[in-house]
Amino acid sequence: MNSCIVFPERLLIYHAGTGRSMFLGCLRVTTIFVFAFFTLVVAPTHLYAENEPLWIAGAVMASGTIPLLTVAYVSSPFVANIHLRLPQFTRYSRDLLFRYSQSLPKDAKLEITTMNFIGKPRVSLVRAADLHAVRERFGMVNYARDTKDINSKRPWWMGRAVRQFGVHGGTPLKDGSGIWDNISQTITKRSN
């Protein structure tokens with residue numbers, strides 16, 4: 001019976017693209033180095049210089065801090081990929097999978113992978129019914145969920161649950177093409 005299974009239990013339905021993910025990871029790491037260089041090397045030099053006013057050291061620190069904060073704010077909701085956990089009956093044919101994605105049940109689970117600030121993947125298990133369409137952070141966030149209950153039950157050392165997600169564009173997929181489009185339409189309809 002397993003020889004008839006066409007799709008895996010976790011199906012990749014959205015991938016932002018390797019180039020985009022690598023660029024964003026490099027940009028984040030670069031801003032960390034710029035911040036460290038300006039605050040640990042350049043700013044103390046201006047701070048201890050006898051002929052310069054203190055505001056110059058403050059301006060140098062701001063010029064290292066502002067890019068770091070801007071990149072952190074704008075890029076934190078970036079979604080690298082999304083996997084759909086498939087029930088057994090949908091794994092046997094493309095037609096069943098496509099119909100499942102068009103009438104997605106509320107308990108359908110998505111594994112949404114974002115990157116933390118240093119580029120490490122962070123996977124959030126989200127029910128499709130918990131997502132709603134939004135427009136936040138200058139359009140960088142287009143899906144969000146309520147995380148108050150999740151955060152109240154999490155230990156302090158685990159950090160906060162990811163609330164905002166930015167899903168933009170994406171690369172063509174062999175098996176999961178069109179599935180994310182159906183799911184995003186369903187989420188948008190439920191949000192209105």
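None of the figures in this text is laboratory data; all of them are computed from the coordinates on show. This one's a predicted model, so the numbers in the text were calculated from it and none came from an experiment. Please note: Cβ atoms are built from the backbone with ideal geometry, for glycine as well, and neighbour counts cover all protein chains shown.
Some points to look at:
- Debye-sum result for region 19-75 in log10 I(q)/I(0), which assumes one identical scatterer on each alpha carbon, at q = 0.28, 0.30 Å⁻¹: -1.01, -1.09
- Only Cα pairs under 8 Å and 6+ residues apart enter the sum, and on that basis the relative contact order of the chain stands at 28 percent.
- Label sites at Ser152 and Arg127, each approximated as a point 7 angstrom past Cα along Cα to Cβ, lie 1.6 nm apart.
- Kyte-Doolittle mean at least 0.0 and Cα axial length at least 20 Å: DSSP H helices in the chain: 18-37, 54-75
- Among 160-167, 83-90, the order from most to least packed when residues are scored by Cβ within 10 Å on average: 160-167, 83-90
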